[in-house]
Amino acid sequence: MPAAHDGPDAPDTPGGRSAPDALEAPEAPVRYEKRGPVATVTMNRPDYRNAQNSAMTYALDRAFYRAADDNEVKTVVLAGAGKHFSAGHDIGTPERDAHLPFERRAGLWWDHSDKEGAESRYARESEVYLGMCRRWRELPKPVVASVQGACVAGGLMLAWVCDLIVASEDAFFADPVVRMGIPGVEYFAHPWVMPPRIAKEFLFTGDRMSARRAYEVGMVNRVVPREELTERTQELALRVAEMPRLGLALTKRAVNQAEDLQGLHTGMDSVFGLHHLAHAHNAETAPDALGGMDIRAMKKAGG
C-alpha cells in the first residue's frame, strides 16, 4: 500500500566485494553490494521515498536470490537509499507500473494485466505482495533491516520479513490503510510482531509509532543514532555472520515454524481475503478500490 530495472549483475571485485549495480545502472531501483560475508540490498527510489513499484519488487527478488546463491554471503542487510526506508507501495508516482505484466515468480496465479476487477487485483497482490514477502521470509540466511525515516504500510511488510530490525532514532512506523477501509496491509503480521492490543491501536488510529515505542513493544531489536545506522547494522550483520551457515539456516527455520504454528501463515491467508473484500467494497461504493484515497489524501489525513 501507500508510499510510484534492476541493473545487470555486477562482477565480483577483489577482496570479496562486488561493485554496486548502481555503478552500471544508476537509475536501477535496487542496488546490490557485497562486503565480505554481508550482502547489502538497497532500495533505490529516494526521490519517491522508496515507494515500491513492481520493477522494484522483482529487482528485490533477484537481489535476494543472488545473495542466497553466493556461498560467501552469510547475512543480508536490507536498506533504503535517502531519507526514508520505504513509504510503501507505489500508488501514484510517474513510474507506477501496476498495470504491466511481469514474469511471475512467487506463485501460480495467472497474469493480472489482461484481467479486470477482483480477478486482476487478487492475482497481482497474491504475487507481488503476499507471495513475494513469504518467499523472502524463507531466505535461508539471516536478513537485517536497516530502517530510517518512514517505514509505512508496504514498507512495514519489507521490514517484517527480515529477521532483525535496526532502526534509527528518526524512524517511524505506520499502517494507515484503515483510512481506505482496508484492514491492514497484505502481509498481515501485525498481531505477531507486536501485542494484539498494540496492533489494534496501531491500526485503529493509523498513527505513527516512533522507533523507541517500536523497541518497547518488541518490534525492533535496536535503536541507534541516525548517523550510526549503517555502521551499527553492519556490525550486527557481521556478528551474526560468525555463526555456522547451516546453524543459522536451521535456527531461522525453527523460529519461522514456531510462528506458523502460532497461526501466522493461516492468519495471513484469512486476512488477505478480508483485504480483498474491502477492495471490492470500495470498488462498488467509492471512486476506486482504494476508497478514493491517493498520496495527497493520505498525507493530509496524517499517513
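See the values below:
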quantity: Helices (runs of 4 or more DSSP H) fully within region 226-303 counting 1 or more residues that are out of contact with any Ser or Thr (no Cβ under 8 Å at 6 or more places or on another chain), of a type in the set (A, V, I, L, M) and at pLDDT 95 or above; calculated: 229-241, 245-261, 264-285
quantity: Test result for Ala55, modelled with pLDDT under 95, of a type outside the set (Asp, Glu) and surrounded by 16 or more Cβ atoms within 10 Å (Cβ to Cβ); calculated: yes
quantity: Test result for Asp97, among the acidic types (Asp, Glu), in a loop (DSSP other than H, G, I, E, B) and open to solvent by less than 20 Å² (accessible area, probe 1.4 Å); calculated: yes
quantity: So Ala150, is it within 11 Å of the chain's Cα centre (by Cα), at pLDDT 95 or above and within 17 Å of Ser210 (Cα to Cα); calculated: no
quantity: Residue within region 281-302 that is within 27 Å of Val185 (Cα to Cα), open to solvent by 30 Å² or more (accessible area, probe 1.4 Å) and in contact with an Asp or Glu (Cβ under 8 Å, 6 or more places away or on another chain) present; calculated: yes
quantity: Region 165-220 - residue that is touching an Asp or Glu at 6+ places or on another chain (Cβ under 9 Å) and among the aromatic types (Phe, Trp, Tyr) and, of those, surrounded by the fewest Cβ atoms within 10 Å (Cβ to Cβ); calculated: Trp192
quantity: Residue within region 126-145 that is modelled with pLDDT under 95, over 30 Å from Ala237 (Cα atoms) and either open to solvent by 20 Å² or more (accessible area, probe 1.4 Å) or of a type outside the set (A, V, I, L, M, F, W, C) (or both) present; calculated: yes
quantity: Test: residue in region 266-274 that is closer than 23 Å to Ala167 by Cβ and in contact with a helix residue (DSSP H, G or I) (Cβ under 7 Å, 6 or more places away or on another chain); calculated: no
quantity: Selection from region 224-243 of residues that are among the β-branched types (Val, Ile, Thr) and open to solvent by 30 Å² or more (accessible area, probe 1.4 Å); calculated: Thr230
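Residues checked against (1) under 17 Å from Asn53 (Cβ atoms); (2) touching a Gly at 6+ places or on another chain (Cβ under 8 Å):
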{"site": "Pro94", "(1), (2)": "yes, no"}
{"site": "His99", "(1), (2)": "yes, no"}
{"site": "Glu103", "(1), (2)": "yes, no"}
{"site": "Asp114", "(1), (2)": "no, no"}
{"site": "Met132", "(1), (2)": "yes, no"}
{"site": "Gly154", "(1), (2)": "yes, yes"}
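The values are calculated or read from the model by the stated rules, or taken from the named source; none is laboratory data. Since the structure is predicted, the reported quantities are computational estimates derived from the model, not experimental observations. Every residue, glycine among them, receives a Cβ derived from its backbone with ideal geometry; neighbour counts consider all protein chains shown. Heavy atoms of the whole protein, side chains included, go into the accessibility calculation; ligands, DNA and RNA do not. Shrake-Rupley method; radii C 1.70, N 1.55, O 1.52, S 1.80 Å.
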